[in-house]
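Here's the structure, in structure tokens; my notes come after.
The values are calculated or read from the model by the stated rules, or taken from the named source; none is laboratory data. This structure is a prediction, so every number in the text was calculated from the model and none was measured. Cβ placement follows ideal geometry from the backbone for every residue including glycine, while neighbour counts extend to all protein chains displayed. Calculation scope for accessible area: heavy atoms of the full protein, side chains included, ligands and nucleic acids excluded. Shrake-Rupley method; radii C 1.70, N 1.55, O 1.52, S 1.80 Å.
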Amino acid sequence: MMGHQRNHAGGLVLLLLVSVLLVSVSPSVDSEHEYCDKVYRINGNSIDFPCESTKNIYLSTQRYIASNVMPVRFHYDKNRVITAMPRLKQGIPVTLGQIDLNKPSCYAHIKPYPCWAYQEEGNCNSMQSIIDEYSDIRRILWCLDSGITNFLEQPIKRCPPKIYAFNLANDKTVKTIELTDVVKATSRLQYLVTDYNELGHPCVIISDADGALLVLDIHNNKQYRVVLPRAISAGCGDSDVLYLLLISKPKGQSIVIFSYLCGQKVYSIKVEHLRAGKGSSAIVELGTKRKHSVLLGTDGGTGVVLRYRGECELFLWDSEQPYRECNFVQIQNADECRLSTHVGVGKDQHLLSLSSSVTDYLNSTTGIGGPSTRLRYVCKECDDDCY
């Protein structure tokens, strides 16, 4: 009888334990579904003008053509997203904007960041074409301005390339840096990252697809052009892309990972070596590509998010391991309508992906509202939303 009571008590304890486990697991499952259901729809009609008359002026002068607006990069910052919209074509009134993620709206609204005065095309005191952005550990947003507008139609070199730095705590301008001394006539600036050394001094690194990494020592007001070995760009044309990502590590061990879209291999180099102006002698080969890959962003740690050229599935690669397909984990199935252009960390460390109908945009086959763009959390099962 005593043995029966002990077994019965043990069964009750087990039942209670299972119940507690189920209760503790359920919120995380629900939370995951909650994030998967969050979808922010963006198109060319998302631009928020100060008033209707201003919008009409922009429309009548062709400074606003909704079908030409496409966000390509973003940064999540406390329930808002700062998004870069390069002036790849005519009629893009805002090149850096912000979206309030708290607003319960089917379609997102894009307000200029930090204000309208910074958006004036042709004014070299304003941003011309923001092609990338990166927020550092101190909430300083570094923005890369190519200075070139209408890039896909009839390129116009409006102003010298620059870096703009904004403090996200108050949206004030911290610094503006001209890049005239480190660029060439053939330069093709594309991506940037920022890292701090142990003394707290920032270093900005920019990829130049003309075969170099540009290094800006902000504290010492110095700029370097670190030329890459030609073997790294072997087989790549003049329109190729040089991807650049930062993997932050303590005690001065941060690295940048870089690779050409059509390049055969993926490489890394320590930021401290770049600060010292070192090039080929300090570059490490991480692996060989089987297919052309697009490096989209990181998970905030050692994970790199990527997809294959022209393909929609997203994969996560732990950069502590060699660059091989056996080290890739698929984190999102295909979205047949859009290609991701950037993946970054969002709320509660969940990954956000910005994707658009890029092919339609490049072929000028979008509707009057422009390419279909979605900002959504990365989930394995991604509902196909083709409108």
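If Ile368 passes every condition in (1) touching a helix residue (DSSP H, G or I) at 6+ places or on another chain (Cβ under 6 Å); (2) among the β-branched types (Val, Ile, Thr); (3) open to solvent by less than 40 Å² (accessible area, probe 1.4 Å) but one, which one does it miss? Among (1) touching a helix residue (DSSP H, G or I) at 6+ places or on another chain (Cβ under 6 Å); (2) among the β-branched types (Val, Ile, Thr); (3) open to solvent by less than 40 Å² (accessible area, probe 1.4 Å), Ile368 violates only (3).
Of all residues in the stretch 52-69, those satisfying the criterion of being outside any helix (DSSP H, G or I), open to solvent by 20 Å² or more (accessible area, probe 1.4 Å) and either among the aliphatic types (A, V, I, L, M) or free of Cβ contacts under 8 Å to residues at least 12 places away in the same chain (or both) are Thr61, Ile65.
Restricting attention to the stretch 168-201, the residues that are open to solvent by less than 40 Å² (accessible area, probe 1.4 Å), in contact with a Lys or Arg (Cβ under 8 Å, 6 or more places away or on another chain) and of a type outside the set (A, V, I, L, M) total 1. Whether a residue is among the polar types (S, T, N, Q) and either closer than 30 Å to Thr298 by Cα or in a strand (DSSP E or B) (or both) was assessed, and Gln98 passes this test. For the stretch 327-367, the candidate set comprises residues that are of a type in the set (Gly, Ala, Ser) and assigned to a loop (DSSP other than H, G, I, E, B); within that set, the residue that is nearest to Val193 (Cα to Cα) is Gly346. Annotation: Gly91 fulfils all but one of (1) in contact with a helix residue (DSSP H, G or I) (Cβ under 9 Å, 6 or more places away or on another chain); (2) open to solvent by 20 Å² or more (accessible area, probe 1.4 Å); the unmet one is (2). Can you report the number of residues in the stretch 312-347 which are over 23 Å from Met85 (Cβ atoms), touching a residue at least 24 places away in the same chain (Cβ under 8 Å) and not polar (S, T, N, Q)? Number satisfying all stated conditions: 7. Assess whether Val72 counts as being farther than 18 Å from Thr176 by Cβ, buried (at least 18 other Cβ atoms within 10 Å of the Cβ), modelled with pLDDT of 95 or more and touching a helix residue (DSSP H, G or I) at 6+ places or on another chain (Cβ under 6 Å). It is false that Val72 is farther than 18 Å from Thr176 by Cβ, buried (at least 18 other Cβ atoms within 10 Å of the Cβ), modelled with pLDDT of 95 or more and touching a helix residue (DSSP H, G or I) at 6+ places or on another chain (Cβ under 6 Å).
Here is the figure for the stretch 70-107: residues that are small (Gly, Ala, Ser) and at positive phi total 1. The set of residues in the stretch 295-308 being in contact with a Lys or Arg (Cβ under 8 Å, 6 or more places away or on another chain) and open to solvent by 10 Å² or more (accessible area, probe 1.4 Å) consists of Tyr308 alone. Among residues of the stretch 247-275 that are hydroxyl-bearing (Ser, Thr, Tyr), those with a Cβ under 7 angstrom from a residue that is open to solvent by 60 Å² or more (accessible area, probe 1.4 Å) and in a loop (DSSP other than H, G, I, E, B), sequence gap 6+ or separate chain, pair up as Ser254/Ser248. Only one entry of Ala169, Ala165 meets the criterion of being closer than 25 Å to Val81 by Cβ and in a loop (DSSP other than H, G, I, E, B), and that entry is Ala169.
The rows are residues; the columns are (1) within 29 Å of Arg158 (Cα to Cα); (2) open to solvent by 20 Å² or more (accessible area, probe 1.4 Å).
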residue	(1), (2)
Val204	yes, no
Asn220	yes, yes
Gly235	no, yes
Asp240	yes, no
Lys270	no, yes
Ser280	no, yes
Gly287	no, no
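Kindly list the number of the only condition in (1) within 30 Å of Ala66 (Cα to Cα); (2) of a type in the set (Phe, Trp, Tyr); (3) open to solvent by 10 Å² or more (accessible area, probe 1.4 Å) that fails for Tyr361. Of everything listed in (1) within 30 Å of Ala66 (Cα to Cα); (2) of a type in the set (Phe, Trp, Tyr); (3) open to solvent by 10 Å² or more (accessible area, probe 1.4 Å), Tyr361 misses just condition (3). For the stretch 141-163, how many residues meet the condition of being touching a residue at least 60 places away in the same chain (Cβ under 8 Å) and within 22 Å of Leu296 (Cβ to Cβ)? Within the stretch 141-163, residues that are touching a residue at least 60 places away in the same chain (Cβ under 8 Å) and within 22 Å of Leu296 (Cβ to Cβ) number 6.
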